[in-house]
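The values are calculated or read from the model by the stated rules, or taken from the named source; none is laboratory data. All values derive from a computational prediction rather than experimental measurement. Because the Cβ atoms are built from the backbone with ideal geometry, glycine has one as well, and the counts that use them run over all protein chains shown. We work out accessible area using only protein heavy atoms, side chains counted, and drop any ligands, DNA or RNA first. Shrake-Rupley method; radii C 1.70, N 1.55, O 1.52, S 1.80 Å.
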Amino acid sequence: MTGPTANFFSLLEPLPRLKQVMDEQMASPYFPVNLSQMQAQQKFYDIDSGRLNLENGVQIQTSWLNHPQGCMGFRMETKDGVLVYATDNEPGDAAFDKSVRKLARERMC
């Protein structure tokens, strides 16, 4: 039997990548537990504007949102339902507004 899986999603960026940051954060002295004793499996996904197919029929669609420092919205879809997470968006740009509406209504599965 395998343990739980923690999925981490990050944008393709120059190093340090999210895995490196997490490895450093989870090392002594910050994290007092030996990671080799933990049963959780970590999976890292680099995402950008587009679609990602995960296990068990889960699909994630991403779209850039309107924010001065950049922001990305997500749509996670399974056979059981849909969750759209589009926070910190600044409405008012026609192209970005259209992209957010498409993210909210587009059916992938």
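Data overview
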| quantity | calculated |
| --- | --- |
| Top-ranked residue in the range 8-19 [being closer than 15 Å to Lys43 by Cβ and not aromatic (Phe, Trp, Tyr); ranked as modelled with the lowest pLDDT] | Arg17 |
| Residue list for the range 35-60, restricted to those being touching a Phe, Trp or Tyr at 6+ places or on another chain (Cβ under 8 Å), under 18 Å from Arg105 (Cβ atoms) and open to solvent by less than 40 Å² (accessible area, probe 1.4 Å) | Ile60 |
| Hey, Tyr30 loosely packed, with under 12 Cβ neighbours inside 10 Å and of a type in the set (Phe, Trp, Tyr) or not | yes |
| Matching residues, the range 61-80, being in a strand (DSSP E or B), modelled with pLDDT of 90 or more and either open to solvent by 40 Å² or more (accessible area, probe 1.4 Å) or not basic (Lys, Arg) (or both) | Met76, Glu77, Thr78 |
| Any hit, the range 43-58, residues being modelled with pLDDT of 80 or more, in a helix (DSSP H, G or I) and under 25 Å from Pro4 (Cα atoms) | yes |
| Flag for Lys98 being charged (D, E, K, R) and free of Cβ contacts under 8 Å to residues at least 24 places away in the same chain | yes |
| Pair list, Cβ < 7 Å and 6+ apart or interchain, from the range 39-63 residues that are more than 16 Å from Arg17 (Cβ to Cβ) and small (Gly, Ala, Ser) to residues that are open to solvent by less than 50 Å² (accessible area, probe 1.4 Å) and assigned to a loop (DSSP other than H, G, I, E, B) | Ala40/Gly3 |
| Residue count, the range 61-91 (criterion: of a type in the set (A, V, I, L, M) and touching a helix residue (DSSP H, G or I) at 6+ places or on another chain (Cβ under 7 Å)) | 3 |
